[in-house]
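Every number here is computed from the coordinates shown, using simple stated rules; none is lab data. These numbers were taken from a predicted model, which means no experiment stands behind them. Note: ideal-geometry Cβ built from the backbone for every residue, glycine included; neighbour counts use all protein chains shown.
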Amino acid sequence: MDLKSAKVLVTGGSSGIGLATAQHFTTLGARVAICGRKGDRLNAAAKATGAVPIVADVSQEADVVRLIETAVRELGGYDTLINNAGFGRFAPLLEMSADDFRRVWETNVLGAMLVARESARHFVSQRRGNIVNVASTTSQRAGATSSAYASSKFALAGLTQVWRAELRQHNVRVMQINPSEVLTGFRANSGRPSHAENPTKLHADDIAQVIASMLALDDRGFITDATVWATNPSD
């Protein structure tokens, strides 16, 4: 696709990978909308990137319906979803609470499904579109204390395959990107200690560039999955 003419919605666009992706696409000339739950952070991100801010909680169905309707209206159409909203809670199985587990799944799985469903309805009607699900290398190999997060990303990987099988006939490309550890606020927001800046770890801009590269391929083909590892991380 021609990224200069793309009309893109990035969920979880007020920080981290979502913010970097919104910035990258606006720099390329695309029209971009971002969503998030916190209006102040979202508006600041929109001011920094030139994206259109839409306050919405992806785990709430009514919010998602309004989100897609607003994105279509504000962007003058809509052809690309970066399904990025998500967070983690980490604890050993013996200490994992039902509330934390449920909250992770409501955003990372239910939320991803709702935004993809409403986007796909629009994409199918216009016979073209793109969905990029932001998963994780955790969707391929899980580690200790990641019951909630890893299971949500394994589920997202399964949903990616299902949606690809259903939507390919409608000229809708469904892709997945699996970043390894990226230096964002993710660790701190999940309740774990954050890492100091380290040039051997991935940065959010790295993932934004890969997403753009996946989408830039001519529409006659698509990259189903891309996994991005740091070359030589220091633990």
Kindly rank 59-71, 96-108 from highest to lowest mean number of other beta carbons found within 10 Å of each residue.
59-71, 96-108
Expressed as an acute angle from 0 to 90° and rounded to the nearest 10, what is the orientation of the C-alpha long axis of helix 204-216 relative to the principal long axis of the chain?
40
When only Cα pairs under 8 Å and 6 or more residues apart are kept, what is the percent relative contact order across the chain?
20
Given axes a ≥ b ≥ c from the Cα gyration tensor, I'd like to know whether segment 8-103 is rounded (a/c under 1.5), prolate (a/b larger than b/c) or oblate.
prolate
Quick shape check on segment 41-80: root eigenvalues a ≥ b ≥ c of the Cα gyration tensor, a/c under 1.5 is rounded, otherwise prolate if a/b tops b/c, else oblate, and it reads oblate
With -39,500 (n - 2.57) per DSSP H segment of 4 or more residues and division by the full residue count of the chain, the 222 nm estimate, nearest 500 deg cm²/dmol, is -13500 deg cm²/dmol
Most mobile of GLU74, GLU181, GLU166 per a Gaussian network model of the chain (Cα springs, under 10 Å)?
GLU166
Counting pairs of alpha carbon atoms under 8 Å apart in space and at least six apart in sequence, what relative contact order in percent does segment 1-136 give?
24
Chain lengthening between GLN126 and ARG103 when straightened (0.36 nm per residue, less Cα-Cα):
4.9 nm
Helix 112-126: angle to the longest alpha-carbon principal axis of the chain, degrees 0 to 90, nearest 10?
20
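Would you order HIS122, HIS170 from fewest to most other beta-carbon atoms within 10 Å of each residue's own beta-carbon? Don't jump to the answer; show the numbers that get you there.
Details: HIS122 18, HIS170 14.
Ranked by crowding around the Cβ, least crowded first: HIS170, HIS122.
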In degrees, nearest 10, the alpha-carbon axis of helix 61-75 is tilted away from the dominant principal axis of the alpha carbons of the chain by 50
Counting only pairs 8 or more residues apart or on different chains, how many lysine pairs in the chain have their Cα atoms under 27 Å apart?
7
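In terms of the Cα gyration tensor, with a ≥ b ≥ c the square roots of its eigenvalues, is the chain rounded because a/c is under 1.5, prolate because a/b exceeds b/c, or oblate?
Taking the square roots of the gyration eigenvalues as a ≥ b ≥ c, the chain is rounded.
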Under a Cβ-only charge scheme (Lys and Arg +1, Asp and Glu -1), can you give me the dipole magnitude of segment 3-228 about the Cα centre, in debye to the nearest 20?
320
With a 10 Å cut-off between alpha carbons and a GNM built on the chain, which of VAL134, VAL210, VAL58 moves the most?
VAL210
Of the residues ALA48, THR145, GLN126, the Cα lying farthest along the dipole of segment 47-145 towards its positive end, which is defined by charges on the beta carbon of Lys, Arg, Asp and Glu, belongs to GLN126
